[in-house]
Amino acid sequence: MADIQLKDIYKSFHKKSVLEAINLEIKDKEFFIVFGPAGAGKTTLLNIIAGLHLPDRGEVILNGKSINNMEPEDRNIAMVFENYALYPHLTVFDNMASPLRSPKYKVSKEVVHQEILRVAKMLKIDMLLDRNPSELSNGQRQRVGLGRALVRNPNVFLMDEPITHLDAKLRHQMRAELKDMQKNLDTTTIYVTHDYLEALSLGDRIAVVNNGKIEQIGSPMEIYYVPRNEFVASSFGEPEINIIDAKIIKHDEDDLRVGLLDGQYSFNPLEEIKKFIAAERIENVRVGIRPKDVKVRFEKNDNNLINANVYSFEPLGAKAVMTVKVQDRLIRIIIGSDLKVQINQELFIEFNFNNAIFFDTDKKNLLSTKNEDRRIVAWQN
């Protein structure tokens, strides 16, 4: 059993703040993702949990007890490092066996052999046990590093971008294997990544970290469909979400429209939203529309269609990413790669506002009513 709490954690290096007011509660047996860009403070957070760094302020609590003053070896935490951290003079077998042979967790030779074979087969490296790390590919080394943690039965697994150095095909395969392993680990796991696909596919919950602060904590569905601010919305999805400035055309509650693209296109929001905008006297909003919610048309048979010109076209196998220019704005769209278009070709686009996300123009936070549980996510065309 391993419940982890981080209470008001602060950390700085050379007077530069790295983590500020980090508060997390990670449940027993939860697969918890810490997501964010490079330099966000993700690895520092893991090191503080492992005991490799001490927080300047705040507490790390494991199963109800503070472990701030506990040595790393006494925390029973296994960590997988981004840079493998293998012993170069030891074979794969001996690298994986090293935790089981340590004075702290020493077990019999039979148990060592049994656990190494079990984990090696699961990771598909059982044929490599006699090799040294120098004879392995990066992907194989990463699996050995992962295996060295999995042979133990720790309170917590900490994984610091364990598959980031693998090629795209192997990363996809390892994501599926990690998802399968997750069911069998039966241990609390904290997994750090900057890859939104890993975060969404693996995590029970996700903490989005930026510049040492937590932007949002939630399930993958909450993070993707109800992002707290523009940073979170832009971090999940490829290509990135389109965010367009919009104006409230009229402040009459009974006849209120939202105008996009200098008034070229306007639509009616839901009645509930009309009342909120009128009451708060909101004049401007920012509308987030994911590329999959922009449709392409080649004939203007509807007044709701917007004139655009093809700016770029990137085929990606079965799908393609097309960027179109509307006035001086670039709009990203996901379409089929078999669509025949030419650069600068004129066409028309249509937005699906049922899945749109709306942010305020000042703080770029998700637009919400005074009741925080009733966030305004989708508006009706």
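The values are calculated or read from the model by the stated rules, or taken from the named source; none is laboratory data. Note that the structure is a prediction, hence the values are computed from the model and not measured. Backbone-built Cβ (ideal geometry, glycine too); neighbour counts: all protein chains shown. Heavy atoms of the whole protein, side chains included, go into the accessibility calculation; ligands, DNA and RNA do not. Shrake-Rupley method; radii C 1.70, N 1.55, O 1.52, S 1.80 Å.
For residues in the stretch 225-264 being under 30 Å from the mean Cα position of the chain (by Cα) and among the β-branched types (Val, Ile, Thr), which is modelled with the lowest pLDDT?
Looking at the filtered set, the residue picked out is Val226.
Would you mind finding the one in Ala168, Ala149 that is among the small types (Gly, Ala, Ser) and open to solvent by 10 Å² or more (accessible area, probe 1.4 Å)?
Just a single option satisfies the conditions, and that option is Ala168.
When you go through (1) open to solvent by 20 Å² or more (accessible area, probe 1.4 Å); (2) farther than 25 Å from Leu166 by Cα; (3) among the β-branched types (Val, Ile, Thr) one by one for Thr91, which number turns out not to apply?
(2)
Which residue, of Glu198, Glu222, is in contact with a Lys or Arg (Cβ under 7 Å, 6 or more places away or on another chain), part of a helix (DSSP H, G or I) and at pLDDT 90 or above?
Values: Glu222 fails: in contact with a Lys or Arg (Cβ under 7 Å, 6 or more places away or on another chain).
Just one listed residue meets the conditions, Glu198.
Could you grab me the full set of residues in the stretch 146-164 that are of a type in the set (A, V, I, L, M) and within 20 Å of the chain's Cα centre (by Cα)? Spell out how you get there, then give the answer.
Pass one, the stretch 146-164, residues of a type in the set (A, V, I, L, M): 146, 149-151, 156, 158-159, 163.
Residues satisfying the conditions are Leu158, Met159, Ile163.
Within the stretch 136-144, identify whether any single residue is free of Cβ contacts under 8 Å to residues at least 24 places away in the same chain and assigned to a loop (DSSP other than H, G, I, E, B), and answer yes or no.
Yes, that holds for at least one residue.
Just one of Val324, Val310 is farther than 24 Å from Val232 by Cα and either at pLDDT 90 or above or basic (Lys, Arg) (or both); which is it?
Answer to the selection: Val310.
Identify, from the list Ala233, Ala320, the residue that is of a type in the set (A, V, I, L, M) and either outside any strand (DSSP E or B) or farther than 30 Å from Glu198 by Cβ (or both).
The unique qualifying residue is Ala233.
Would you confirm, using the coordinates I've provided, whether Ile349 is modelled with pLDDT of 90 or more, touching a helix residue (DSSP H, G or I) at 6+ places or on another chain (Cβ under 8 Å) and either within 19 Å of Gly288 (Cβ to Cβ) or not in a loop (DSSP other than H, G, I, E, B) (or both)? Lay out the reasoning, then the answer.
Details: modelled with pLDDT of 90 or more: yes; touching a helix residue (DSSP H, G or I) at 6+ places or on another chain (Cβ under 8 Å): no; either within 19 Å of Gly288 (Cβ to Cβ) or not in a loop (DSSP other than H, G, I, E, B) (or both): yes.
No: the conditions fail for Ile349.
Hey, does the stretch 94-107 have a residue that's in a loop (DSSP other than H, G, I, E, B), more than 28 Å from Val60 (Cβ to Cβ) and open to solvent by 30 Å² or more (accessible area, probe 1.4 Å)? Even if it seems obvious, please write down each step before you answer.
If we filter the stretch 94-107 for residues that are in a loop (DSSP other than H, G, I, E, B), which is where we start, we get 102-107.
Checking the rest, the ones that are also more than 28 Å from Val60 (Cβ to Cβ) come to none.
Looking through the stretch 94-107, none of the residues is in a loop (DSSP other than H, G, I, E, B), more than 28 Å from Val60 (Cβ to Cβ) and open to solvent by 30 Å² or more (accessible area, probe 1.4 Å).
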